[in-house]
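Since the structure comes first, as structure tokens, the remarks are kept for the end.
The values are calculated or read from the model by the stated rules, or taken from the named source; none is laboratory data. What you are looking at is a predicted structure, and each value in this text was computed from that prediction instead of being measured. Cβ: placed from backbone, ideal geometry, glycine included. Neighbour counts: every protein chain shown. Heads up: the accessible areas ignore ligands, DNA and RNA and are worked out on the full protein's heavy atoms, side chains in. Shrake-Rupley method; radii C 1.70, N 1.55, O 1.52, S 1.80 Å.
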Amino acid sequence: KEKVLNFLDKFEGKKPFVKIGMELYYAEGPEIVKEIKKRGHKIFLDLKLHDIPNTVKKAMTNLARLGVDIINLHAAGGSKMMAAALEGLTEGSNGKRPLLIAVTQLTSTSKEMMNTEQLIPGEVIDSVVNYAKVAKASGLDGIVCSPLEVKLVKEACGKEFVTVTPGIRLASNNADDQVRIT
């Protein structure tokens, strides 16, 4: 917490958008979200919820009360889960709900992994675009995807459909856990 807040205190004037992932959230809980929000930052809460629809709905209702600006879930949970999440997020927010976006395929997922471990045939881009279409049909605002997939997602879902690419890494600085990078 101290390290994060000290880093964010270096920004005077315009405050950057902050992505709070699982590591920080699980270590510090909802209080870290409230503290960063209080300091004037917009927040993308990157918890990638994936569970049965009712559980995700209730979780989103609670998370909406934190006042974050963007929150996500896994598209693999299906259209009923995504619709339930949107319902919970809308119920929990006081008039202005956060954007709800879906993780399609993790950027660590290769074609081989998708084909052999997830038993999804074809190319990763086809899976990403399919998940994006399901997310849009479920009422979501957008998806998380690799920068390599943005163009085709926009073609399939429209220019207004949000594409978030928060994990961009240079190929020369890859930690070997990402395979669809730019």
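Given R0 = 30 Å, the distance between the Cβ atoms of Leu152 and Lys96 translates into a calculated FRET efficiency of 0.45.
Structure remark: mean-square fluctuation, Gaussian network model of the chain, C-alpha springs under 10 Å; the largest value among Ala137, Ala64, Ala83 belongs to Ala137. Taking the structure as given and computing P(r) over Cα pairs in 10 Å bins from 0, in percent, which label from (1) 7, 26, 33, 26, 8, 0; (2) 9, 34, 37, 18, 2; (3) 9, 34, 33, 16, 6, 0 fits? Correct label, based on the coordinates given: (2). Name the shape class, rounded, prolate or oblate, that the alpha-carbon gyration tensor gives for the stretch 40-107, where a ≥ b ≥ c are the square roots of its eigenvalues, rounded holds for a/c under 1.5, and otherwise prolate holds if a/b is larger than b/c and oblate otherwise. Oblate, because a/c is 1.5 or more while a/b does not exceed b/c.
Apply the a/c threshold of 1.5 to the C-alpha gyration tensor of the stretch 1-63 and tell me whether it is rounded, prolate or oblate. Present the calculation step by step, with values, prior to reporting the outcome.
Details: a/c = 2.77, a/b = 2.17, b/c = 1.28.
Prolate, because a/c is 1.5 or more and a/b exceeds b/c.
Partners of Lys10 within straight-line reach, counting aspartates and glutamates whose Cα lies under 16 Å from its Cα and excluding those fewer than 8 residues away in the same chain: Glu2, Glu35. Reducing the stretch 48-88 and the stretch 107-162 to their Cα centroids gives an inter-centroid distance of 18 Å. Relative contact order of the stretch 1-151: 19 percent, from C-alpha pairs under 8 Å at least 6 residues apart in sequence. In this structure the chain gives 55 Å² per residue of accessible area when probed at 1.4 Å with all protein chains present. Excluding residues fewer than 8 places away in the same chain, name every one of the aspartates and glutamates whose C-alpha is closer than 18 Å to that of Lys151. Filter leaves Glu123, Asp126, Asp141, Glu160. Helix content alone sets the calculated 222 nm mean residue ellipticity of the chain: runs of n ≥ 4 DSSP H residues at -39500 (n - 2.57) each, divided across all residues, give -12000 deg cm²/dmol. The trypsin sites (Lys or Arg not before Pro) found in the stretch 1-43 that occupy coil by DSSP, while having at most 13 further C-beta atoms within 10 Å, are Lys1, Lys10, Lys14, Arg39. Among Thr116, Thr107, Thr90, the largest mean-square fluctuation in a Gaussian network model of the chain, built with springs joining Cα atoms closer than 10 Å, belongs to Thr116. Loop-located GluC sites (Glu not before Pro) in the stretch 9-40 (DSSP state other than H, G, I, E, B) with a sparse environment of at most 12 neighbouring Cβ atoms within 10 Å: Glu12.
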